[in-house]
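The values are calculated or read from the model by the stated rules, or taken from the named source; none is laboratory data. A quick note: this is a predicted structure, and the numbers were derived from the prediction, not measured. Every residue, glycine as well, gets a Cβ built from its backbone with ideal geometry; the counts of neighbours run over all protein chains shown.
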């Protein structure tokens, strides 16, 4: 039976939490200012000018109406100069208002783009400082996904906050006129709009909670989109006939999202209609009151137009300000997701006074009772590791899948921090060195290397990206892995785009990609080379040639090889056998065979397949 997705656990944001979240706005505006100080300043400046326009237009309109009535009651010999001056003034104010609207909209758009780009870069920069273990955690991915969403969604928040400030200033001008006439109209206005404000506040809270609870499933939806429509997955989807399975799961998730979201949207629409009716009732009650005062002669017709227009605009502004306040306070809660991401700090840090990396290495890397357990894992990935990787030594790691081989080399590269024990380099704890300095002296290629949708040259240069313009070094690195032979076959040679994602790209075979990836380790003069299944996709002849070149180019260097091929492992000076994360055997090929232990069993098992 298929397991149905359980209903999302919705964490509701209280009114107090939304008010508290407004404390995020100073940090938000600091980022906005940093993204573009000039555009931020002018956006505020023009909005202040724009905020005075509504009351100015209404007052000039009042003067025009009163002047028209005056002239119509005394037509003989009337001077219309003042009237036309007022009309010209109103026309000028209308032109200025339109221009200010366009300028502020333009600045909002440009500032939003600047902010989105700036914060996207900030996220990538911060993500690059975090530990590999953090990036492999699902909770981290949820935070990262929410932070990414905020880089786009917060541009709307920026526009809303600026609009709020503009409307508040306009409101001050309009309130002044109404207070002079009758303060009770302001009370009536607030009473009729308050229910709408509370309703929107409630539904914004519900929407935030629902969206947050759906984050893991939305990531799954994005993954299903990728599986169902990608050149990288197309062959397996077709060969295993997975299209219906993927589409079916996508539809179940998306239909559930639609059901949850539409249910909330319908409720919001129904209550919104009711609250809007209350607001309209309040407006027309005030309108009737003003009309009665005009009929009685207390007010002029110009006063009627001014007050009715002021009340109407004030109602619209007040309603907008209150409703936008709930959106802004809700957006400020979303900022928690964005700002929380930057509060994540790496466990692997640079020491205050790092020790320079030894050149050359004198004693090597020593593992002293090293153990590592993944976060939330029940069992140890590695434990009780005690051995030394000597300078200039090639050490092979062998063992069945899941034995902890890749985890061990990640500990060596300090991508992970040991849970227990310590790793020494020339007798000094690895923590005393700068991690970046350490990795500059390591050349590492993992089994799951990336196939960059870039040129051949860039694909090789990523091994030492600071040398991306060094054509001689790139070609020499390609020779080390036989990628130079591949370059000769490509139409664009080293400038040839690889992969099918972009125009004119050429897809490579698995073995060809592996040669490209292997070239990366030769891009820098690393003292230690780490190769995780370096020749898994190569045929026997290519593997032999690659290792002949490898032996030549790594003379005097230390190397760690992970391989399931014992023809590769026996080339190492020593072989370390792992089982369930622990060191089971260590020695030369001949020594291990003589022990008749686990290595000898695996070697003979593989060798029997060639007899």
Next item on the list: Looking only at the stretch 312-329, decide whether some residue is without any contact (Cβ under 8 Å) to a residue 24 or more places away in the chain and either crowded, with 16+ Cβ neighbours inside 10 Å or in a helix (DSSP H, G or I) (or both).
Entry: yes
Check: How about the stretch 485-509: which of its residues are assigned to a helix (DSSP H, G or I) and surrounded by fewer than 18 Cβ atoms within 10 Å (Cβ to Cβ)?
Finding: 485, 488, 489, 493, 495
Notebook entry, point to check: How many residues does the stretch 387-414 contain that are touching a helix residue (DSSP H, G or I) at 6+ places or on another chain (Cβ under 6 Å) and within 21 Å of residue 359 (Cα to Cα)?
Noted result: 1
Notebook entry, point to check: Does residue 295 satisfy the criteria of being loosely packed, with under 13 Cβ neighbours inside 10 Å and free of Cβ contacts under 8 Å to residues at least 40 places away in the same chain?
Noted result: yes
Checklist line | Residue satisfying all of: in the stretch 405-419; outside any helix (DSSP H, G or I) and free of Cβ contacts under 8 Å to residues at least 60 places away in the same chain; nearest to residue 441 (Cα to Cα) among these | finding: 418
Item checked: Condition met for residue 375 (touching a strand residue (DSSP E or B) at 6+ places or on another chain (Cβ under 9 Å) and in contact (Cβ under 8 Å) with a residue 40 or more places away in the chain) -> no
Check: If you check every pair at least six apart or on different chains, which have Cβ atoms under 9 Å apart with a residue in the stretch 385-397 that is over 16 Å from residue 423 (Cβ atoms) and outside the structural domain of residue 563 (by TED's automatic domain parsing) first and a residue that is at pLDDT 95 or above and in a strand (DSSP E or B) second?
Finding: none
Item checked: Of all residues in the stretch 161-181 being farther than 14 Å from residue 50 by Cα and surrounded by fewer than 16 Cβ atoms within 10 Å (Cβ to Cβ), the one that is modelled with the highest pLDDT -> 176
Notebook entry, point to check: Looking at 236, 220, 232, 200, which one is out of contact with any strand residue (DSSP E or B) (no Cβ under 8 Å at 6 or more places or on another chain), surrounded by fewer than 17 Cβ atoms within 10 Å (Cβ to Cβ), outside any loop (DSSP other than H, G, I, E, B) and modelled with pLDDT under 75?
Noted result: 236
Checklist line | Top-ranked residue of the stretch 579-607 - restricted to ones that are part of a strand (DSSP E or B) and touching a helix residue (DSSP H, G or I) at 6+ places or on another chain (Cβ under 6 Å), ranked as nearest to residue 402 (Cα to Cα) | finding: 584
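The rows are residues; the columns are (1) on the phi > 0 side of the Ramachandran plot; (2) at pLDDT 90 or above.
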residue	(1), (2)
455	no, yes
465	no, no
470	no, yes
477	no, yes
482	yes, no
502	no, no
Checklist line | Filter pass, residue 375 being under 34 Å from the mean Cα position of the chain (by Cα) and surrounded by 15 or more Cβ atoms within 10 Å (Cβ to Cβ) | finding: no
Checklist line | Residue tally, condition part of a helix (DSSP H, G or I), in contact with a strand residue (DSSP E or B) (Cβ under 8 Å, 6 or more places away or on another chain) and farther than 21 Å from residue 410 by Cβ, over the stretch 428-476 | finding: 2
